[in-house]
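One structure is given below, encoded as structure tokens.
The numbers here are math on the coordinates, done by the rules we state, and not lab data. Everything quoted here is computed from the prediction, not taken from an experiment. With ideal geometry, Cβ positions are generated from the backbone for all residues, glycine too; neighbour counts draw on all protein chains shown.
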Amino acid sequence: MIEMLRAPWPWYVVGPLIAVVMYLMIYSGKAFGISSTFRTMCSIGGGGKYADFFRFNWRGQVWNLVFVAGTFLGGVVSVLWLQSEEPMQLNEKVVQELEVMGINSPGKELAPGEIFAWDQLMSLEGILFMVLGGFLVGFGARYAGGCTSGHAISGLSNLQLPSLIAVIGFFIGGLVSTYFLIPYFLDL
Amino acid sequence: MKYLKYLFLGLVFGVLLTKAQVISWYRIYEMFKFGSFHMYGVIGSAVVTGIIMLALVKRFKGKDMNGEVINVPPKDKGWKRYLFGGIVFGLGWALTGACPGPMYILIGNGLTVFIVVMLSAILGTFVYGILRDKLPH
């Protein structure tokens, strides 16, 4: 049993279960949306002094902070008890392409250690991928009014045209980064 | 105590995303390179299941645990904020390999440097709040 749980879980098991989590959030009277916790944190940190957007009663959002604390714990549980020994089964061509760009052993870790490491924060590459990348995620999610959970999962499930537009936007941005920015940044 | 269920649901969500490798930078890169069906399978089957569940809820006027009829609020109309905001988000998603949920989960998985990525995302949220009135929505 534990061996089965440790192996990677197939998409057709995880996808429907993600929808069940979304449904249970709705069933409990709340919503499924993770990026709004960043707005809540801005509000807790006193952001209301600078913009009306952060002037709301953040205590009404504590349930969502508890949810994301749970996701963090889910990561801890996974790494402690459910870690697979096998490297990820990635597309061969994609792996070779990444190796040519200077990423060693793709799929061995969750993210390339050449970029996502504390000592890379002093390098231009590290700043572009981690600091600029993170900034764009936070800015874009709030501008679009949601991220993958709010738009791609719950918005599309609710047949919302705005969410479809947002998801198309996610893809345009993602393709531009993947085909133009990432090769350029890795070459710097 | 009333918050315990959210902690539990979050934990389940964190394990699900980790075990499906959705939190991996490589999986996101591979998705945008159309190199594997995996990510499309995860998101696609989640959406199809979600559509069916919400359609049933609407059809049978399903109630939530407080006894209220479930009504998922529609998104505001328009397209500019969704397209422009979506593009900005997508640029960052591919660079970091992580949308907001996976940032929390990656930190839990021991990739502590994603604390910096998340702090930067919170800063991005803050700057959006400041510039909000000047942006097309």
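Cβ under 10 Å from A:Arg142's Cβ, A:Arg142 left aside: what net charge do those residues give with Lys, Arg +1 and Asp, Glu -1? The partial results should precede the final answer.
Numbers: positive: A:Arg39, B:Arg81, B:Arg132; negative: none.
Spelling it out: positives minus negatives among the neighbours equals +3.
Per DSSP helix of 4 or more residues, -39500 (n - 2.57); summed, then divided by the residues of the protein assembly as shown. What does that give at 222 nm, rounded to the nearest 500? Before the final figure, lay out the partial values.
Details: 14 runs with 184 residues, N = 325.
So the helix-based figure for the protein assembly as shown works out to -18000 deg cm²/dmol.
Would you work out the charge dipole size for the protein assembly as shown about its Cα centre, treating the Cβ of every Lys and Arg as +1 and the Cβ of every Asp and Glu as -1, and quote it to the nearest 20 debye? Mind showing how you got there, number by number?
Details: 24 positive and 17 negative charges, 338 e Å.
Once rounded to the nearest 20, the dipole reads 1620 debye.
Looking at A:Trp58, A:Gly29, A:Pro8, which one has the Cα that reaches farthest to the positive end of the dipole of region A:1-83 (charges on Cβ: Lys, Arg +1; Asp, Glu -1)?
A:Trp58
How many angstrom separate the Cα center of region B:1-64 from the Cα center of region A:29-62?
23
Packing-wise, with mean Cβ within 10 Å as the measure, how do A:151-162, B:108-119, B:30-41 rank, highest first?
On the way: A:151-162: 22.8, B:108-119: 21.1, B:30-41: 18.5.
The most tightly packed comes first, giving A:151-162, B:108-119, B:30-41.
Which is the longest run of chain A containing none of the chymotrypsin sites (Phe, Trp or Tyr not before Pro) found in DSSP loop states (not H, G, I, E, B) with at most 15 other C-beta atoms within 10 Å? Intermediate values should be presented prior to the final figure.
Details: sites that count: A:Tyr50, A:Phe56.
Counting at most 15 other Cβ atoms within 10 Å as exposed, the longest clean stretch of chain A is A:57-188.
Once label points are set 7 Å from the Cα along Cα→Cβ at both A:Lys93 and B:Phe34, what is their separation, rounded to one decimal in nm?
Calculated label separation equals 0.9 nm.
Cβ under 12 Å from B:Asn71's Cβ, B:Asn71 left aside: what net charge do those residues give with Lys, Arg +1 and Asp, Glu -1?
Working: positive: B:Lys58, B:Lys61, B:Lys63; negative: B:Asp64, B:Glu68.
After counting each charged neighbour, the total is +1.
Roughly how many whole Å is it from the C-alpha centroid of region A:139-187 to that of region B:88-109?
12
Go through region B:37-48 residue by residue and turn each phi into a ³J(HN,Hα) via Karplus (6.51, -1.76, 1.60, θ = phi - 60°); whole Hz please, and just put x for glycine and proline.
Along region B:37-48, the couplings run 7, 3, 5, 5, x, 4, 5, x, 6, 5, 5, 4 Hz.
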